[in-house]
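The values are calculated or read from the model by the stated rules, or taken from the named source; none is laboratory data. Keep in mind the model is a prediction, meaning the values are calculated, not measured. Virtual Cβ from ideal backbone geometry, glycine too; neighbours counted across all protein chains shown. Note: accessible area is taken over every heavy atom of the protein model, side chains too, but ligands, DNA and RNA are not part of it. Shrake-Rupley method; radii C 1.70, N 1.55, O 1.52, S 1.80 Å.
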Amino acid sequence: MPSLTVNDRPVDFQLDPQTPLLWALRDAANLTGTKYGCGVGDCGACMVLVDGQALRSCLISLAEAEGRSVTTIEGLSADRSHPVQQAFVAEQAIQCGFCTPGMVIAAAALLARNADPSPEDIKAAVPNLCRCGVYPRLVRAIQRAGRVARRVETISAAPAPGITPEDAARAVPAMKGP
Amino acid sequence: MALSRRGVLLGAGAAGGLLLAWTLAPRRYVAPLPASAGEVAFDSWLKIGTDGVVTVAVPEAEMGHGITTLIPQIVAMELGADWRQIAVEPAPVSGAYGNAALAAHWAPLWLPLATCLADEPGDWLARRYAEDEVFDVMADGTTITAFEASVRAAAASARAMLAMAAANRWGVAWEECVAESGFIVHDKNRLSFAALAEDAARRTPPDPPVLRPEAPGERAGAVLPGAALSFPRLDLPAKVDGSYIFAGDVRLPDMVFAAIRHGPLGEARLAGYDPARARGVAGFRRVVEGPDWLAAVATTWWAAERALGLIAPRFSVDQRADSARIERALDTALRRGDATRIAERGNPDAWLSARFEHVARYAVAPALHATLETASATARLVEGRLELWMASQAPQAARKAAAEAAEVPLEKVVLYPTGGGGSFDRRLESDHAAEVALIARQVGKPVQLAWSRWQEHVAGLPRSPAQAVLAARTAPDGSLAALKVRVAMPGATAEFGERLFEGASRSDALAAQDEADPLFLAGAVPPYAIEHLTVEHCPARIALPTGRQRGNGAALGCFLIETFIDELAVRANREPLSYRIAMLGGDVKLVGVLQHAATLAEWNGGTMGSGQGLACCRMAVAGREGRIAVVASARRDERGIRVDRLTAVADIGRVINADIARQQIEGGLVFAMGLGSGCATAYSDGLPLTGRLGLLGLPLLADCPEIDVEFIDSEADPFDPGELGVAAALPAIANALYASGGTRVRSLPFLAETT
C-alpha cells in the first residue's frame, strides 16, 4: 500500500496504487479542501504541494506519490495565518471559493521560491482557472502576500478558526462570555 | 410558534435568544382580495443570542455572489450591530422566503393567460404565489429586491424592542435611545443586545416599524480597491483554508461515492451494459440504473468513475442534438418563420419592410457554463426521510425532483443548502437531485454523486444558440431612423419554465421551444430613442435542450444592438459615443455612465486603429433599473484575442456593499471575456464536440486585462450588478476589435468576419 506524508503525518492508503492522489486525499483522507474540477489538469483546483512544488493532484497517482511529502490547503497553516491566505481574504480575491485552495497553493509555492514576484512571475506561476472572475485582484493579493512574507507588511484579515466565546468577548464589546 | 394579530412573532429562539419573524402582506400591501386576510405571509430573519451573537437567516445559496454578506449587512446596519457579532445560517426551504419579485418578473411562466395581473414586484398575486408554492427560486438578481424591505423591517423592529427593554430599565423614553455597535445607548447608559435580548422579546414593536433614515449602503467612491473594508465578506475565512463545505465535501458515516454516465442529448434510453466488466475495480460496489443514465457506486469516486469507463453503457437515442440541424432550424426560422413582435414603436410596418440602408446577420453558438464545480449532491435516505446536501438556485424544485425519484413524500425531503462552486444559472437545474435520491434509495447507504467534467459537458444544458438579423433605415446624415431586430432562437425561457414549474423532462420541455419569448427578447429592445422600431422573435425548435446562463437575454440583446449601432456610427462617419448620446435624450442616466466611462478610460473616439470600443446597457428587472457603460481596449494577437483594458462605470442605484458590487462587475466582465473567446461547443450525434475545460478558450490570469470599475452615487433602489458587466463587455470588446483592425465581429464566440 502506498505510504506518503500528508500534512506532516505518515499515511498508508489502502487503495489501488493507480488512484489519483486527488481522490485519495478527498475520499480516503477526507481532506476535501482539494477540489475536483476536471481530472485532466486543465483547471488547477486540485493543486497541492508535493515536496514544495505546486502540482495537480489529479495527475499524480498514489504510486507516484509514494514516499513524498504532500501539503494540502488544510496543512498550509493551522490557523489561516499563511500570508497568501491572509492576503486573499484582505483583497477579497475570492468569490465562490472553489478554485481558491488551488490558487492559494500555487501562490504559496511561488512565494516560497520568490517572495517578491513581478506581475509576470505571478501570471506564469498561477495557471489556475477561475470562473467567477477574481483575476483582477490576484496580482495585487499575491504581491501583498509577498510583502507579508518579507515582513514589510502585516495583515489581520482572516481570523483563526475556533475562537472561544471568552476570546470573542474580550475582542468585541458587544459579545458576552459564558 | 404563534402568530400575533399584529403579525409579529415572538418566541424563544435557540440559546434563549429572541426570534423575530415578520408578516408582510397586511403590513406593506393592501390585499386586493378578501381571501388574503387569513393567508398571512411570513418571513423570519434574525435571532439575537444572550451571548451577543446576532444570527441572520440567508434564504439563498451562496454561489460566490456575496449574498451571505449582503443580507447580514442590511441587518447589521439597520439593527446597529457590531459586524463581528454577526453570524449566518442558511434559511430552510420555506414559503416564508418566497421570491415575489422574481415570481412577478416571471409571471408569464406560471400565469400565462393573465400576465398583466402580476407585473409589479409588490403585487399580491405574485407574493401569494411565491409563498403558497414555495417559489424560492433565486435568479435574475432579484434577491435584494425581494427581501431588503422585510429584512430591514425585522431588524428595525428588533432594534425598537431592544430599546424598549433598555428604556424600561432606565426610566426613559425608548425613542430617545440609539443602537450602535451592539449596544443600546442613552446618555451615559449603555446595555448590550446580549443583556437585553430576553427582555426585548416581551416587547411589542411599533407598527409600522421605524426604519433608520439612511438606507443600508456604502459610498462606493470611498471604498478603494484593496482598502480596509467595513463589511468584509463573511464566507471568505472558511474558503481560504479549505473548510468551506460544498456539496461534494460532505462526509457521512458509511457513505459511498457515485459517478454517472448520461445518454446523449435527445430522447435517450439506457440500452444495455455489462457490469461484469468492472469486476476488477477495487472498491466498486454496484451500478444503479436511471431512465437515461447509469451510475456506478464505489468506495471512492475515482473507482466509481473507472468502473463506468469499463462498463461503457450503451444508449439508444432518437432526435439527437446536432449542430448542422440546429443551424438549419435557426436559419429557416429566421428567414421564413412566424415572428412574434416583442416590441414596437412608431410605424415599423411602413418603415421596415423592404429597403434598408444597412443589414447585418449574427450567429450565436450554444455556450456551456463551465462552473468549476461539477454537478454534485449528497443524499441519505433513512426511515423514509431523505436528506439532501446541495447548492441550488431552486431548492424547492430540487426537493420535488428528489421526492419523486426516491418515492418519498415531499415533506419528508430535507434540503441542506451548501455553497456552490459557481453557478451562472447552472444551478437552476435539478437533475442531479433526482439522480442522487434514486441512487441513495437503491444503494441503501448515504451516497455522494459528482458528475465528471465530461458529463457536465454532455448533460449540462447550454445557453441557447441563436441567429439574428438587424436591419436599419438611416437618415441622410447617417442617424438611425428605423430599426428591425429579428431573432431566431428557441423559446428558451418557456422551455426552462416547463422544467422548473411543471417538472417536465428535458425532452418534454422541448415543445415549449416553439413559444415566443418576450422575457428573453426584452434584452434586445434598445435603450435608444428610435422613431420606428420592431423587435421580433421567431421561435425555433432545435432538439437541443437549453438552459439559462448569466447575462441571459441582456447579454444576447446588448451584443446585437451595441455592435450594430457601432456599425451604423462607422458607416455614418460619426464618433460612436456621440452617435449614441444623440439617441439617448430620454435616458440622462445612461448618458451619465457613458460619459463617465469615456473619461475614465481616456476614450479616444474609437477611430480605426485605436483599438478602443464602447458599449452601454440598461437592464430592468422587477421594477428596478441598472445601467452600465464599458470601454474596452482589445486587439488580435498571436494567441487570438487580447483584451488590454476594460473600464466599467455602473449605475446600480444605492450600493449596499461596494467591494462585493465591484467583485460582481469584475466577474461579469471576465465572464463575458469567456463568452467572447469560447465557452462554446458544437453537437454531433447528441454529444458535445468540446469535452474538456481546457478546450473552451476560457480566460486565465495571464489573459486578464487591467480593469477599472466605478459606480455612480445614487439613492435609487439597488439593482443587482451581477449581469450588467456580462452584457456590456461583449459588444465593447467586439467593437474594440473592429477599431483595432477593421474586423467586424458578428458571432458569439467571436470569429473573424470582414466587412
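Normalised by the number of residues in segment B:268-339, the average gap of Cα pairs under 8 Å and 6 or more apart makes the relative contact order 34 percent. Where in segment B:46-88 does the label zone of A:Glu166 land, with the point 7 angstrom along Cα→C-beta and an amide N cut-off under 17 Å? Label zone hits: none.
Remark: spin-label model distance A:Arg68-B:Ser353 equals 7.4 nm, labels positioned 7 Å along the Cα→Cβ axis. For segment B:240-264, a drop of 20 Å² or more in accessible area on going from the chain alone to the assembled protein chains (1.4 Å probe) is found at B:Val240, B:Asp241, B:Gly242, B:Phe246, B:Asp249, B:Arg251, B:Phe257. Lysine pairs in the protein assembly as shown whose alpha-carbon atoms fall under 24 angstrom of each other, counting only those eight or more residues apart or on distinct chains, come to 9. Within the accessible surface of segment A:83-149, defined with a 1.4 Å probe on protein heavy atoms only, the carbon and sulfur portion equals 49 percent.
Tell me, what % of the accessible area of chain B is carbon and sulfur with a 1.4 angstrom probe? C and S atoms contribute 50 percent here. Taking one quarter of the surface of the convex hull spanned by the alpha-carbon atoms of chain A gives a direction-averaged projected area of 11.7 nm². For segment B:82-90, the Karplus equation 6.51 cos²θ - 1.76 cosθ + 1.60, evaluated at θ = phi - 60°, returns couplings of 7, 4, 6, 9, 8, 10, 10, 9, x Hz by residue, with Gly and Pro reported as x.
Each peptide in B:488-497, B:130-139, B:319-328 receives the mean, over its residues, of other Cβ atoms within 10 Å, and ordering these scores from highest gives B:488-497, B:130-139, B:319-328.
Extension gain for B:Glu344-B:Glu575 works out to 80.4 nm (0.36 nm per residue, less the C-alpha to C-alpha distance). A Förster radius of 30 Å, combined with the Cβ-Cβ distance separating B:Arg190 from B:Ala238, puts the computed FRET efficiency at roughly 0.40.
Surface composition of segment A:3-76: carbon plus sulfur atoms hold 42% of the accessible area, using a 1.4 angstrom probe and ignoring ligands, DNA and RNA.
Once B binds A, the 1.4 Å probe can no longer reach about 5400 Å² of accessible area, counting both sides.
Highest mean packing comes first when the peptides B:156-165, A:47-56 are listed by Cβ atoms within 10 Å, giving B:156-165, A:47-56. You can think of it this way: the chain between B:Arg314 and B:Arg202 has 33.8 nm of extra reach, that is 0.36 nm per residue less the Cα-Cα gap.
Think of a 1.4 Å ball rolled over the protein heavy atoms: chain A then has 38 Å² of accessible area per residue. Multiplying the residue separation of B:Tyr416 and B:Leu211 by 0.36 nm and removing their Cα-Cα distance gives an extension gain of 70.6 nm. What residues from segment B:501-539 fall in the zone where the backbone N is under 17 Å from a label point 7 Å along the Cα-to-C-beta line of B:Ala475? Taking a point 7 Å out along Cα→Cβ of B:Ala475, the residues of segment B:501-539 whose backbone N falls under 17 Å are B:528-533.
Just give the residues from segment B:281-318 buried by at least 30 square angstrom of accessible area in the all-chains context relative to the isolated chain, probe 1.4 Å, and say none if nothing qualifies. So the qualifying set is B:Thr300, B:Trp301, B:Trp302. Counting Cβ atoms of other protein chains within 10 Å of each Cβ in B:49-59 and taking the mean gives 2. For chain B, the solvent-accessible area with a 1.4 angstrom probe is 35 square angstrom per residue. Binning the C-alpha pair distances of segment B:477-525 at 10 Å intervals from 0 yields a P(r) profile of 25, 39, 20, 10, 6, 1 %, listed from the shortest bin outward.
Using Cα pairs closer than 8 Å and at least 6 residues apart in sequence, work out the relative contact order for segment B:482-532, in percent. Normalised by residue count, the contact order of segment B:482-532 is 46 percent. Of the GluC sites (Glu not before Pro) found in segment B:575-658, the ones in coil according to DSSP and having at most 11 other Cβ atoms within 10 Å of their Cβ are B:Glu602, B:Glu638. Modelled this way, with points 7 Å down the Cα-to-C-beta line, the labels at A:Ala112 and B:Arg692 are 2.7 nm from one another. Per residue of peptide A:12-22, the mean number of Cβ atoms on other chains within 10 Å of the residue Cβ is 3.
Label reach from B:Ala620 (point 7 Å along Cα→C-beta): in segment B:643-660, amide nitrogens under 17 Å belong to B:651-653. Counting Cβ atoms of other protein chains within 10 Å of each Cβ in A:115-123 and taking the mean gives 1.
Only alpha carbons enter this Debye calculation for the protein assembly as shown, each as an equal point scatterer, and the log10 of I(q)/I(0) it gives at q = 0.06, 0.07, 0.08 Å⁻¹ is -0.41, -0.57, -0.76.
Normalised size of segment B:320-383, defined as Cα radius of gyration per 2.2 N^0.38 Å with N residues, equals 2.01.
Approximating the spin labels as points 7 Å out from Cα along Cα→Cβ, the B:Ala511-to-B:Val178 distance works out to 6.4 nm. Please label the shape of chain B as rounded, prolate or oblate, based on the square roots a ≥ b ≥ c of the eigenvalues of the alpha-carbon gyration tensor (a/c under 1.5 means rounded; beyond that, a/b larger than b/c means prolate, else oblate). The shape class here is oblate. Based on DSSP H runs of at least 4 residues, each adding -39500 (n - 2.57), what is the mean residue ellipticity at 222 nm of chain B after dividing by all its residues, to the nearest 500 deg cm²/dmol? Mean residue ellipticity, 222 nm, calculated: -9500 deg cm²/dmol. The equivalent ellipsoid of segment B:519-614 has semi-axes of 28, 16, 14 Å, largest first, where each one is the square root of 5 times an eigenvalue of the Cα gyration tensor.
Simple point charges give the picture: +1 on the Cβ of Lys and Arg, -1 on the Cβ of Asp and Glu, and for chain A a dipole about the Cα centre of about 640 debye.
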